[in-house]
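Structure record follows, encoded as structure tokens.
The values are calculated or read from the model by the stated rules, or taken from the named source; none is laboratory data. Owing to the predicted nature of the structure, the values given are computational and were not obtained by experimental measurement. Note that each Cβ is placed from the backbone with ideal geometry, even for glycine, and that neighbours are counted across all protein chains shown.
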């Protein structure tokens, strides 16, 4: 199945689960032409078929509830229930039971693309090794949540950049167009549940964010509370693209992976029924931009942390036996296996990108 046929078939399948926003789909289709990284983010539905072509030593690995659509921009910060700043993977729309290597290879592909585009300066082999080292440490240690404090002081300089201006952040949200369509009742109920007062008036805006799920409904509520602005968002949730690829109908797995992950949870990141995911938007709830990294050491540390955090998520449903199986499988891999897998995946990705 070529990229055009696959895209049409996949979008029809998603449209059977939720009402798609056609203007957002057109924006996504154009973005897919812009560069290879944006194409990667927009086409997760192609990834399972790519991955299946790799060496069975890689694909036939212990199964975990995987993130699926994992990449370097799928990590961010949030405030936990105690108000502390935490960091980790912040989107699980494509969660699905998969080989643990699925997430590592996709994360590494995204890192290599960032190197190619000049957003990271370390070498491909060092990027892959940092991810593997972090993952190994996370699995072997049993995992540990990332709360930005004494044990993660290296995050602090990256958080203190002056480029994140609250006024600019809120103005950008306010300038997004008003939502003109009728909000589904379940989506409105989910939004109201996240507000500090159920009777608080709010205005709903249409925000374009991300690429993987662009086209699914997304509603952003802006309000004023105790002298300051607040924002809450609800977006549509459908089955993982893996279910489409494998012609299955199980899922979604968002709540399962979220509940099992080792983390200091974001109290606003919740699943409402089977069709909606809610979150809080704020200046603190952001990813660390790669361009904010000033040294190769910082780049390696961040990729190491991403590998470790991937382990935090995979450990959610893994008992002691599963941990041992993962470590045993990982220890058997040949030197440079991740870099080699990345190179093979990039050939397939580039073929589809050129065709698109």
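Of the listed requirements (1) surrounded by 16 or more Cβ atoms within 10 Å (Cβ to Cβ); (2) touching a strand residue (DSSP E or B) at 6+ places or on another chain (Cβ under 8 Å); (3) modelled with pLDDT of 95 or more, residue 45 misses just one: (2). When the stretch 74-107 is filtered for residues that are assigned to a loop (DSSP other than H, G, I, E, B) and within 16 Å of the chain's Cα centre (by Cα), the ones remaining, listed by number, are 74, 90, 91, 92, 93, 94, 95. With respect to (1) buried (at least 19 other Cβ atoms within 10 Å of the Cβ); (2) more than 22 Å from the chain's Cα centre (by Cα), the lone exception for residue 312 is condition (2).
If I go through the stretch 307-356 residue by residue, how many of them are assigned to a helix (DSSP H, G or I) and over 21 Å from residue 110 (Cα atoms)? Steps first, answer last, please.
Keep residues of the stretch 307-356 that are assigned to a helix (DSSP H, G or I), which gives 307-317, 320-332, 337-355.
Now restrict to residues that are over 21 Å from residue 110 (Cα atoms): 315-317, 320-329, 331-332.
The qualifying residues number 15.
Quick test for you: out of 168, 144, 174, pick the one residue that is at pLDDT below 95 and touching a helix residue (DSSP H, G or I) at 6+ places or on another chain (Cβ under 8 Å). Sole residue among the options that is at pLDDT below 95 and touching a helix residue (DSSP H, G or I) at 6+ places or on another chain (Cβ under 8 Å): 144. Here is the figure for the stretch 10-35: residues that are in contact (Cβ under 8 Å) with a residue 12 or more places away in the chain, under 23 Å from residue 250 (Cβ atoms) and assigned to a helix (DSSP H, G or I) total 4. Scanning the stretch 316-331 for residues that are surrounded by fewer than 22 Cβ atoms within 10 Å (Cβ to Cβ) and in contact (Cβ under 8 Å) with a residue 60 or more places away in the chain, we see that the one that is nearest to residue 124 (Cα to Cα) is 330.
Restricting attention to the stretch 208-227, the residues that are surrounded by 19 or more Cβ atoms within 10 Å (Cβ to Cβ) and under 23 Å from residue 70 (Cα atoms) add up to 8.
Does the stretch 279-300 contain any residue that is within 28 Å of residue 62 (Cβ to Cβ) and assigned to a helix (DSSP H, G or I)? Yes, the conditions are met somewhere in the stretch 279-300. For the stretch 239-252, a residue qualifies if it is touching a residue at least 12 places away in the same chain (Cβ under 8 Å), assigned to a loop (DSSP other than H, G, I, E, B) and either surrounded by fewer than 22 Cβ atoms within 10 Å (Cβ to Cβ) or on the phi > 0 side of the Ramachandran plot (or both), and the qualifying residues are 239, 246, 251. Does the stretch 281-300 contain at least one residue that is more than 30 Å from residue 124 (Cβ to Cβ), crowded, with 18+ Cβ neighbours inside 10 Å and touching a strand residue (DSSP E or B) at 6+ places or on another chain (Cβ under 6 Å)? Within the stretch 281-300, one or more residues are more than 30 Å from residue 124 (Cβ to Cβ), crowded, with 18+ Cβ neighbours inside 10 Å and touching a strand residue (DSSP E or B) at 6+ places or on another chain (Cβ under 6 Å). Consider residue 151 carefully, then state whether it is over 30 Å from residue 275 (Cβ atoms), surrounded by fewer than 17 Cβ atoms within 10 Å (Cβ to Cβ) and modelled with pLDDT of 95 or more. So residue 151 does not fit the description; no.
Among the residues in the stretch 3-11, are any in contact with a helix residue (DSSP H, G or I) (Cβ under 9 Å, 6 or more places away or on another chain), modelled with pLDDT of 95 or more and within 28 Å of residue 259 (Cβ to Cβ)? There is at least one residue in the stretch 3-11 that is in contact with a helix residue (DSSP H, G or I) (Cβ under 9 Å, 6 or more places away or on another chain), modelled with pLDDT of 95 or more and within 28 Å of residue 259 (Cβ to Cβ). Might you let me know whether the stretch 55-73 holds any residue that is buried (at least 17 other Cβ atoms within 10 Å of the Cβ), in contact with a helix residue (DSSP H, G or I) (Cβ under 9 Å, 6 or more places away or on another chain) and in a helix (DSSP H, G or I)? There is at least one residue in the stretch 55-73 that is buried (at least 17 other Cβ atoms within 10 Å of the Cβ), in contact with a helix residue (DSSP H, G or I) (Cβ under 9 Å, 6 or more places away or on another chain) and in a helix (DSSP H, G or I).
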